[in-house]
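This report concerns only the one structure given below.
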Amino acid sequence: MKLSILGGGGFRTPYVWQAMLRDTGSPRVDEVCLYDVDTEKLTTMAALLAQLAAGTPGAPRLTTTTSLDEAIAGSDFVFSAIRVGGLEGRRCDEHVALDLGVLGQETTGPGGIAYALRTVPVMVGVAETIARLAPNAFVMNFTNPAGIITEAMQGVLGDRVVGICDTPSGLGRRVAAALGVDQSRIHMDYVGLNHLGWMRGVYHDGRNVLPDFLADDRLLGELEEGQVFGAEWIRELGVIPNEYLYYYYFNRDAVRAMIAAGTTRGDFLARTQSEFWELSRDSGDKADLWRRTVERRSASYMAEATGGTQDEPAHHHEASTDLADQGYAGVALGVMNAITRNEQATMILNVRNRGTIAGLPDDAVIEVPTLVDANGAHPLSVPAPSLHQLGLMAQVKEVERHAIAAALTGSASEALLAFALHPLVESVPTARELLRGYTAAHPQLAELFGGAAVDALAPAGR
C-alpha cells in the first residue's frame, strides 16, 4: 500500500513515519511518498527519516517528489499537512489581526479565516487531483484550519476525507491515565467543531469517571486544561473545554498577552525552524536535531494561555517525539488499520454531521466520536449539546461556510460576512479593515478578490 504525505518536508512528517515504522500488522503501508515544493526540505527530511528507520526491519520504501500528480498516483492513503503561504503567511495572519486589536491565531478567529481563504482553493485542487488519479484513496486531512479544509475537500471526495486532530483524544487518554483506568476500555463523550469542542464525559465500563476527575483538586490542577482555564471555571462548566476555547472564554486576556509579548507563535516558529533547516545542512544527526527543535517548540505551545510568552513559557507543554507517540500520527495509523484490516476503532474525528447534531446541516463537518471500519468513518450518536455549545458551534459554522464560499467564488462580500459574523471580531468596521489588511498582505487574496472589489464594500462616505 502507498501512503503519500503532502507537505512531506514539514515538521509533522517524522511523527507519521514513526507510526508506520512501529506498525507490524498486515496489510501495511510499504511505500511512503513525500511531496513538497521545497527540494531542500525534502532532501533533509528524507535523510532524517532514514536515520529514524535505521535498524528497523521491513521499513517502508521512501520516495520524494515535487510533482503532486506523481505523489498522488496509485496512493491508497493521503495524509495532508500543507501550509499555504508558509510561516510568513502565518505571521501575516497573526499580525494583521493583532494590529487591529483582535485575536491573531492560526486557526481561531480572523487569522483562521484568512488562512482558510488562501488554503481552500489549493486543497480543493488537491482533492480534484486525488479524484482523478487515486479515486479510491482515503484522505486524512491535517491541513489547517482542519474542519474548514475537510469540509471543502468533501465537496469533491465526499466521505473519503476525514479531518484529524489529536487534542480531544489526547485529553481523554490523559484523564483516564490520571485516574488509573484502562485507556483501551474508555469511551469519550465529546462534541464540537475542530478547535471548538467540549469533553463531557469519559466512560469506563459504563461509568462516567469525569466527575471524579473534576472533583479532585490535585488531578485537575495538574491537567494542562486545568492550568489554562482554572479549576473553578472548568467546574462551573461541568465539562473540560478544548484548549482552543481559551481564546473565546478569555479573549481579551489572550489578545492583551499576545500584544504585550511582541512575538507571536508564527514569529517564534519562523525563527526556530529556520535555525533547524540551517543547522541541518551540516548536522550528522538530523533526527536528534529535529527532536530538540520539536521539544523547544512544544514547550511554548499556547504560552499566552498560561502567563508566559513564546520565548519564555510559564508552563512546559509536554509532547512525545518517540515511537510510542499516540498523537495525530497514531490516529492516522488507527484510521488506516481500521479500513484496510477492518479493525474497528472508535476515535474522535472531523466527519460529516449526517444528523448527529440537530441544528447543524447534515453536510457540516463536526468533531465527534467516530466508528471507523472497512466501510469508512461513521459518526456515533452523541447527547444533544447545551444551548451554549450549540449556539457557538452554529455561529462559527456559519462563518466557516462563508469562508469556503468566498474562497471558491472569489466573493469579497462572502469574505466580509465571514469576518464580520465571527464572535471574536464583533465589529463590522473591524471586519472591513481585516479584509483590506489581509488582501494587502497576501498576494493569493489580492488575486482572489481584487482590490477594487474589497474597496467597493466600504460604506458611502468612508
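Yes/no per residue for (1) surrounded by fewer than 21 Cβ atoms within 10 Å (Cβ to Cβ); (2) under 23 Å from Asp159 (Cα atoms); (3) of a type in the set (Ser, Thr, Tyr):
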site	(1), (2), (3)
Val96	no, no, no
Leu100	yes, no, no
Gly104	no, no, no
Ile113	no, no, no
Leu117	no, yes, no
Val122	yes, yes, no
Gly125	yes, yes, no
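Yes or no: Thr119 touching a Lys or Arg at 6+ places or on another chain (Cβ under 9 Å), modelled with pLDDT under 95 and among the β-branched types (Val, Ile, Thr)?
Details: touching a Lys or Arg at 6+ places or on another chain (Cβ under 9 Å): yes; modelled with pLDDT under 95: no; among the β-branched types (Val, Ile, Thr): yes.
No, not satisfied.
Just to be sure I understand the filter: pairs with C-beta atoms under 8 Å, separated by 6 or more residues or on different chains, first member in region 210-236 and of a type outside the set (D, E, K, R), second member loosely packed, with under 13 Cβ neighbours inside 10 Å and outside any helix (DSSP H, G or I). Which pairs pass?
Leu214/Gly238
Go through (1) in contact with a helix residue (DSSP H, G or I) (Cβ under 7 Å, 6 or more places away or on another chain); (2) surrounded by fewer than 24 Cβ atoms within 10 Å (Cβ to Cβ); (3) touching a residue at least 24 places away in the same chain (Cβ under 8 Å) for Asn194 and report which single condition fails.
(2)
Any residue at all in region 430-452 that's at pLDDT below 90 and assigned to a helix (DSSP H, G or I)? Let's see the steps before the verdict.
Here is the first cut: in region 430-452, the ones at pLDDT below 90 are 450-452.
Subsequent filtering for residues that are assigned to a helix (DSSP H, G or I) retains 451-452.
Checked region 430-452: at least one residue is at pLDDT below 90 and assigned to a helix (DSSP H, G or I).
Which members of region 147-168 meet the condition of being crowded, with 24+ Cβ neighbours inside 10 Å and among the small types (Gly, Ala, Ser)?
Within region 147-168, Gly147, Ala152, Gly163 qualify.
For the condition in the same structural domain as Gly192 (by TED's automatic domain parsing), assigned to a helix (DSSP H, G or I) and either in contact with a Cys (Cβ under 7 Å, 6 or more places away or on another chain) or not aliphatic (A, V, I, L, M) (or both), what is the one hit in Arg118, Arg174? Step through it out loud before you land on a result.
Details: Arg118 fails: in the same structural domain as Gly192 (by TED's automatic domain parsing).
Of Arg118, Arg174, the one residue that is in the same structural domain as Gly192 (by TED's automatic domain parsing), assigned to a helix (DSSP H, G or I) and either in contact with a Cys (Cβ under 7 Å, 6 or more places away or on another chain) or not aliphatic (A, V, I, L, M) (or both) is Arg174.
Criterion first (touching a His at 6+ places or on another chain (Cβ under 9 Å) and either outside the structural domain of Gly9 (by TED's automatic domain parsing) or in contact (Cβ under 8 Å) with a residue 60 or more places away in the chain (or both)) does Tyr248 satisfy it?
Here the answer is no, as Tyr248 does not meet what is asked.
Restricting attention to region 24-39, does a residue exist that is basic (Lys, Arg) and modelled with pLDDT under 95? Walk me through how you get there before you give the answer.
Restricting attention to region 24-39, the residues satisfying the condition of being basic (Lys, Arg) are 28.
Add one more test, that the residue is modelled with pLDDT under 95, and what stays is 28.
For region 24-39, residues basic (Lys, Arg) and modelled with pLDDT under 95: present.
Looking at Arg218, Arg292, Arg256, which is the one that is of a type in the set (Lys, Arg) and closer than 30 Å to Thr346 by Cα?
Details: Arg292 fails: closer than 30 Å to Thr346 by Cα; Arg256 fails: closer than 30 Å to Thr346 by Cα.
The unique qualifying residue is Arg218.
Only residues that are of a type in the set (Val, Ile, Thr) and touching a His at 6+ places or on another chain (Cβ under 9 Å): list them for region 350-383, please. Break it down into steps so the answer makes sense when it comes.
Step one: filter region 350-383 for residues of a type in the set (Val, Ile, Thr), giving 351, 356-357, 365-366, 368, 370, 372, 382.
Val351, Thr370, Val372 - these are the residues of region 350-383 that are of a type in the set (Val, Ile, Thr) and touching a His at 6+ places or on another chain (Cβ under 9 Å).
Looking at Val78, Val102, Val96, Val120, can you tell me which residue is closer than 30 Å to Glu243 by Cα and in contact with a Pro (Cβ under 7 Å, 6 or more places away or on another chain)?
Numbers: Val78 fails: in contact with a Pro (Cβ under 7 Å, 6 or more places away or on another chain); Val96 fails: in contact with a Pro (Cβ under 7 Å, 6 or more places away or on another chain); Val120 fails: in contact with a Pro (Cβ under 7 Å, 6 or more places away or on another chain).
Just one listed residue meets the conditions, Val102.
Please find, among Asp36, Asp69, Asp30, the residue that is surrounded by 21 or more Cβ atoms within 10 Å (Cβ to Cβ) and not basic (Lys, Arg).
Numbers: Asp69 fails: surrounded by 21 or more Cβ atoms within 10 Å (Cβ to Cβ); Asp30 fails: surrounded by 21 or more Cβ atoms within 10 Å (Cβ to Cβ).
Every option except Asp36 fails the conditions.
What helices (runs of 4 or more DSSP H) completely inside region 198-290 contain at least 2 residues that are of a type in the set (Asp, Glu), surrounded by 17 or more Cβ atoms within 10 Å (Cβ to Cβ) and within 26 Å of the chain's Cα centre (by Cα)?
Details: elements: 210-215, 217-222, 224-229, 231-237, 246-249, 251-261, 265-280.
Fully inside region 198-290 and qualifying: 224-229.
The values are calculated or read from the model by the stated rules, or taken from the named source; none is laboratory data. As the structure is a computational prediction, the values presented were derived from the model and not from experiment. We place every Cβ from the backbone using ideal geometry, glycine too, and count neighbours over all the protein chains shown.
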